[in-house]
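Here the structure comes first, spelled out in C-alpha cells, and everything after it is commentary.
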Amino acid sequence: MELIITEKDNAARRIADILSGGTYDSSRENGVNVYEWGGKRCVGLSGHVVGVDFPDEYSDWRDVEPVELIDADVEKTATKENIVATLRIFARKATSVTIATDYDREGELIGKEAYEIVRDVNEDVPIRRVRFSSITENEVQEAFENPDDLDFDLAAAGEARQIIDLIWGAALTRFLSLSAGQLGNDFISVGRVQSPTLKLIVDREREIQAFDPEDYWELFADLAKDDTTFESQYFYRDEDDNEAERVWEEAVAEEVYDTLSSNDAATVVDVNRRTRTDAPPTPFNTTQFIRAAGALGYSAQRAMSIAEDLYTAGYITYPRTDNTVYPDDLDPEELLDDFVGHPTLGESAEDLLEADEIQPTEGDEETTDHPPIHPTGEIPSRGDVSDDEWEIFELVVRRFYATVAEAAVWEHLKVVSEVEDYRLKANGKRLVEPGYHDVYPYFSTTENYVPDVEEGEELALSDVELEAKQTQPPRRYGQSRLIETMEDMGIGTKSTRHNTLEKLYDRGYIESDPPRPTKLAMAVVDAAENYADRVVSEEMTAQLEADMDAIASGEADLSDVTDESREMLEEIFANLAESREEIGDHLRKSLKDDKRLGPCPECGEDLLVRNSRHGSYFIGCDGYPDCEYTLPLPSTGKPLILENECEEHGLHEVKMLAGRQTFVHGCPLCKAEDAGEGPILGDCPECGEEHDGELAVKTLQSGSRLVGCTRYPDCEYSLPLPRRGEIEVTDERCDEHDLPELVVHSGDEPWELGCPICNYQEFQARESDSGSDLEALDGLGAKTVEKLADAGIESIDDLTDADPDAVAEDVDGVSADRIRNWQAEA
DNA sequence: GCAAGGTC
C-alpha cells in the first residue's frame, strides 16, 4: 500500500481526487479522513502534528530559574495525537510513503515530522517527497511522476527557528512574569515577532505623546468662469522652492486674506493638463487581502476567518499566501467564463471577456507554495453564505476581475491664478477611462471638476476663507497597516501576523481599534529595550533568516546556529539578573496604572478596576483594607478605561467591551448616583392589591435596569429590561396586564419592547421551547441558547467540546471568554 | 500558564 501524506485534509482530498480520477472512497480513522483508491491511501495532517517543548522538570515556573531554560533540552512531542496515531497505523502497513506537504520551508519541516513518525514504526519503507505549487491536475501528476527526496537541511532550518523562538520566548517571558509576580493567566510575554510588533505600536504612541502641535493657516477662495464655481487654494514657494499651502505666521495669513478679500478677480497664469495611467491592482496575497477587507470594515482576524470558511467550502483558493503572481495553469478566460450569466457578478465578467487580450497583473512576489487568493469558479448561491461571507467573496472575485482589467486613465488639470502677488491653485481630476474601476468599485473615483480655462483669462473671485488649523500628531496604526508593516519588516508570516495582533490584545498589551498600547506594554518595551534590545528589534528575525538560509544551503549546522543564539541570550541574562527588582517594580507600577480610574471619594487614594472571583469586575480602592469603598461595574464585558475624565468626580469613564454588545458605561460614580427608581408603570401583580406595591423602572448601581416593585426588598417581583438604550414609556397600555408599552431607543432604530410582562412571558416560552440543559448555566438566557443552537451547540456536552474562539466567531455577541466561563462552569 | 509556526 502506498501512503500519501499532505499538510491538510483539504489537500489530501483534492490530491486523491486528481490521482484517482474521482474514484476514491473516503473513511474516517480516529477522526481523521482517509482517502483510498487502488492500493493507495491519502491522509492529511493539520499542519504541525508535533511541537517542541522543554522536558517536564522545567515546567514549574517558580522552581526553575529562567536562565536554566537556555541550556535545557528541547523535545518534540505529539500535539495532534489522533493524527499521529492514524499515521502510525498506516505507516506500519505501507510499502512506500510519499510526502506531499506544502512547497515551502515550514512544509518541509512538517514533512520531516511525518517522516520521523513513519520511520519510528517502519524502518525500511521508502519515503519520497513530491513538490507542487498548486493542486492542479498537471502539477500534481507531474510531481508524482518525478518524486524527489526530503530536504533535511531545509527542515533543519525550520527546527533552528523553533528552538531559538522557544528558548528566547520562554526564558524572557518567565523572567519578566516572575519579576513582576504575574503568574497564571496574567503572565507577561515576550517573543521574536510579538515584541517588535508591540514596539512599533509603542513607538508611535511615544511620538503622539511627545507631539507638540503647531498653529498654521490655510486660505481658500472660490473662482468662477461663467456660471461654474470651483475652489482654489492659496500657495507660495518655501525656502526650498517647493509649493507650500500652510502659512505659519498669522500676520502673513491675514495680509494674504486682506489682499484676496479686497479683490474680485484673479488672472489665470498657468494651465497644466496631463493624463495619468492608473494601473489595475496586483493579485491578492494575504496582507493585501486583509487590507482591502479592512477598508470594508473587517478586522484582520474576522477577514481571515471568513476567507478560511470560503476556502473550506471551495469558493476561493487558499487564503494564506505571499504569492502575487498567478500560476501558469490559471486560465483567466476560463475562470471569467464561470461567472458569465451570474445575476450580480456576470456582467463584469462578460465585459472583461470582450477584451482582445487578457493579461493579468503581477506583483513582486512569486512563491512556490500557493497561488494568490482568487475565486475557484465555484459560486455560492446567495442563501448558502452570510452577508459578510458574500461581501468578502465578491471582494475576492472583483479583485480577480481587476487584475485582468484595463488600466484606468485620469486627466488632471491644474489651474494657477494670481491676485496681485499671491497665487491660487486648483487641482481638477476626471476619470476619462474608468478601466478596472468598473469591475472593482472599492477605490475612490471621486472627481474634482475644474473648468477649462486659458492663460490670461480673468476669473471672478469670491468667498475668501481663512482657516486656522493645527498640525496633528501622527495617527495610530490600524490593524491592516500594522500587518503591512510587519510584512515590510520581515517579521511573522502570512499565517501568523493577524494572530500576533490578537495575542497582543489577549495579553493586555493593546486595547481598542486602532490599537492603543497599555502602560504595561510601554513598560515591557522599555524593559526589553534596556536589557534585551534584540528581542524587540526586527534585526533578530533578519539574522535568523540569514542563519536559516545558511543551514538550508548546507553552509551551517543547526547546532552552530542555536549554540550561538544561546550564547547571546546568556549575555542578556547576565545583565538582567541584577535589575530584576527594578524591572519588576516598573512593571507592577504600570499594571496598576492601567487599572487606575481616579481618586476615591472617601479617602483620596486611587480607585482601581479589580477582578471578582467569577471573572466579573468591580471598582475598589487602593487603600483597601483600610478603605472599603467600592463601585459596581456591569456584569457583561471587560472594562476599558477611556481617556475621558468625568468633570464632577475626576474619574475616567469606562467602556464595557463585549464584542458587538460593547457599550459605554460612563463615569461609574455618576452611574451609582443616578441609580434609583424611574417612572411608575402600574400596580405590582404580586402585591399590588394587598399592599399597594407598584412597578417602576429601576436602575441598579451596576448600571443595569429592570422593572421592579417599589416595595423591594419586601416584594421581590421583577422583570428584565435590555441593558442598552433609553426606555420610553408610551401612552399605549397592554389590555391584559394594564401596563404601558415600552419602546427602547438604541442604535439607529427604536424598537418596541411592548408590555414588560408580555415580553417576559414570551421570553420564558422560548426558553422552555428550547428545552436545552444549557440554560442551567449562569448568564445564559433563552436568546443566547437559541443563537448557540443555530451554531450547532444544543447541549452542555456540545459546549464543552466546542472551540471557544470558533464559536465566538459564529455567534454574535458571545465572546470566547464568556464561552470559556461557561465551559468552566459546566 | 512561556514562542512561533502550521491548521480548524
* Show the residues, 5+ positions off or on another chain, whose built amide H is closer than 5 Å to the amide H of residue A:29. => A:34
* Asked: Percent relative contact order of chain A, based on C-alpha pairs within less than 8 angstrom and at least six residues apart?
  -> 10 percent
* Structure fact -> Final fewest-first order of A:321, A:471, A:79, A:6 on the 10 Å Cβ neighbour count is A:471, A:79, A:321, A:6
* Pull out a ≥ b ≥ c, the square roots of the eigenvalues of the alpha-carbon gyration tensor of chain A, then state rounded if a/c is under 1.5, prolate if not and a/b is larger than b/c, and oblate in the remaining case. => rounded
* Structure fact -> Expected vector for the range A:71-79, Karplus 3J(HN,Hα) from phi with 6.51, -1.76, 1.60 and θ = phi - 60°, integer Hz, x for Gly and Pro, equals 9, 5, 5, 10, 10, 9, 10, 5, 10
* Structure fact -> For residue A:199, the lysines lying under 17 Å Cα to Cα, once residues fewer than eight places off in the same chain are dropped, come out as A:503, A:519
* Sequence-distant residues sharing a close amide H with residue A:4 (under 5 Å, placed H) -> A:41, A:42, A:43, A:98
* About the Cα centre of chain A, how large is the charge dipole given +1 on each Lys and Arg Cβ and -1 on each Asp and Glu Cβ? Please answer in debye to the nearest 20. => 2460 debye
* Structure fact -> Neighbour-count ranking for A:178, A:260 (other C-beta within 10 angstrom, fewest to most) reads A:178, A:260
* Shape of the range A:286-405, Cα gyration tensor, a/c cut at 1.5 -> oblate
* **Proximal lysines relative to residue A:469, as straight alpha-carbon distance under 25 Å, when same-chain residues fewer than 8 apart are discounted** => A:414, A:425
* Residues whose placed amide H lies under 5 Å from that of residue A:102, excluding near-sequence neighbours -> A:7
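In what sequence, highest mean first, do A:557-566, A:726-735 appear when ranked by Cβ atoms within 10 angstrom?
A:557-566, A:726-735
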* Ordered by residue, what ³J(HN,Hα) values in Hz, to whole numbers, does the range A:338-346 give under the Karplus form 6.51 cos²θ - 1.76 cosθ + 1.60, where θ = phi - 60° and Gly and Pro are x? -> 4, 9, 4, x, 6, x, 10, 9, x
* To do: Please order A:381, A:348, A:232 by the number of other Cβ within 10 Å, starting at the fewest.
  => A:381, A:348, A:232
* Asked: Can you give the relative contact order of the range A:595-671 as a percent, counting alpha carbon pairs under 8 Å and 6+ residues apart?
  -> 22 percent
* Reachable aspartates and glutamates from residue A:429, criterion Cα separation under 14 angstrom, eight or more residues apart if same chain -> A:231, A:278, A:411, A:447, A:452
* **Mean Cα-pair separation over length for the range A:1-142, i.e. relative contact order, pairs under 8 Å, 6 or more apart, %** => 29 percent
* To do: Work out the charge dipole of chain A with +1 on the Cβ of Lys and Arg and -1 on the Cβ of Asp and Glu about the Cα centre, then indicate which of A:58, A:651, A:219 is farthest towards its positive end.
  => A:58
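Read-outs: derived from the displayed coordinates by stated rules, not from any lab. Treat the numbers as computed from the prediction; the structure is a model and nothing was measured. Positions of Cβ are backbone-derived with ideal geometry, glycine not excepted, and every protein chain shown enters the neighbour counts.
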